[in-house]
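The next block holds one structure in the form of structure tokens; read it before the comments.
Where a number appears in this text, it was derived from the coordinates with a stated rule and is not lab data. Since the structure is predicted, the reported quantities are computational estimates derived from the model, not experimental observations. Ideal geometry is used to build each Cβ from the backbone, glycine not excepted, and the neighbour counts take in all protein chains shown.
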Amino acid sequence: MRFKPKSKIKAGDQVVVISGASKDLNTPKNVIAVQYDAHNPKVKVEGVAIATKHMKPNAQNPQGTIVKEEAFIALSNVMLWDAKASRGVRIKRERTDKGSQRVSKKSGEVIK
């Protein structure tokens with residue numbers, strides 16, 4: 001990939017899950033990581049899509065262990081959270097003297 005694709009969602013944003021098993025339109029959750037791919041970008045959201053991973057025994061843990069961690073979900077399954085509107089919203093980019101900012105289409109508020 002020559003250029004890094006621009007995404008409307010960044011790590012640290014508040015989002016709501018709009019489809020899938022963890023669908024919850026009223027509770028915002030934090031984005032842990034964003035994985036850019038040419039055809040299907042993914043996000044890792046706190047407390048969503050918990051996957052179980054079995055770790056082999058090693059020197060620190062001779063018994064081995066089972067670790068539960070968040071898995072990536074499709075970027076299209078989340079929407080940015082707008083605190084003023086108290087719901088997930090679509091956004092647009094507006095140019096200002098500070099640079100390009102993300103603005104909620106519903107309330108017109110700048111999303112940090």
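Of all residues in the range 1-56, how many are among the aliphatic types (A, V, I, L, M), assigned to a strand (DSSP E or B) and either closer than 17 Å to A83 by Cβ or in contact with a helix residue (DSSP H, G or I) (Cβ under 7 Å, 6 or more places away or on another chain) (or both)? Even if it seems obvious, please write down each step before you answer.
Start the filter on the range 1-56 by keeping residues that are among the aliphatic types (A, V, I, L, M), which leaves 1, 9, 11, 15-18, 21, 25, 31-34, 38, 43, 45, 48-51, 55.
If we keep only those that are assigned to a strand (DSSP E or B) as well, we get 15-17, 25, 31-34, 43, 45, 50-51, 55.
Checking which are either closer than 17 Å to A83 by Cβ or in contact with a helix residue (DSSP H, G or I) (Cβ under 7 Å, 6 or more places away or on another chain) (or both) leaves us with 15-17, 25, 31, 43.
Number satisfying all stated conditions: 6.
Do you know which of the residues in the range 60-98 that are among the acidic types (D, E) and over 13 Å from K29 (Cα atoms) is farthest from the chain's Cα centre (by Cα)?
Step one: list which residues in the range 60-98 are among the acidic types (D, E), which gives 69-70, 82, 94, 97.
In the following step, the residues that additionally are over 13 Å from K29 (Cα atoms) were identified as 69, 94, 97.
On the way: E69: 15, E94: 22, D97: 28 Å.
By that ranking, first place goes to D97.
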- Query: Pick from E94, E69: which is of a type in the set (D, E) and in contact (Cβ under 8 Å) with a residue 12 or more places away in the chain?
  - Reply: E69
- Query: So which residues in the range 1-26 are loosely packed, with under 11 Cβ neighbours inside 10 Å and either of a type outside the set (A, V, I, L, M) or within 22 Å of S100 (Cα to Cα) (or both)?
  - Reply: R2, F3, K4, P5, K6, N26
- Message: I'd like the full set of residues that are in contact with a Lys or Arg (Cβ under 9 Å, 6 or more places away or on another chain), among the hydrophobic types (A, V, I, L, M, F, W, C) and more than 18 Å from S22 (Cα to Cα), limited to the range 64-88.
- Response: I66, V67, A85
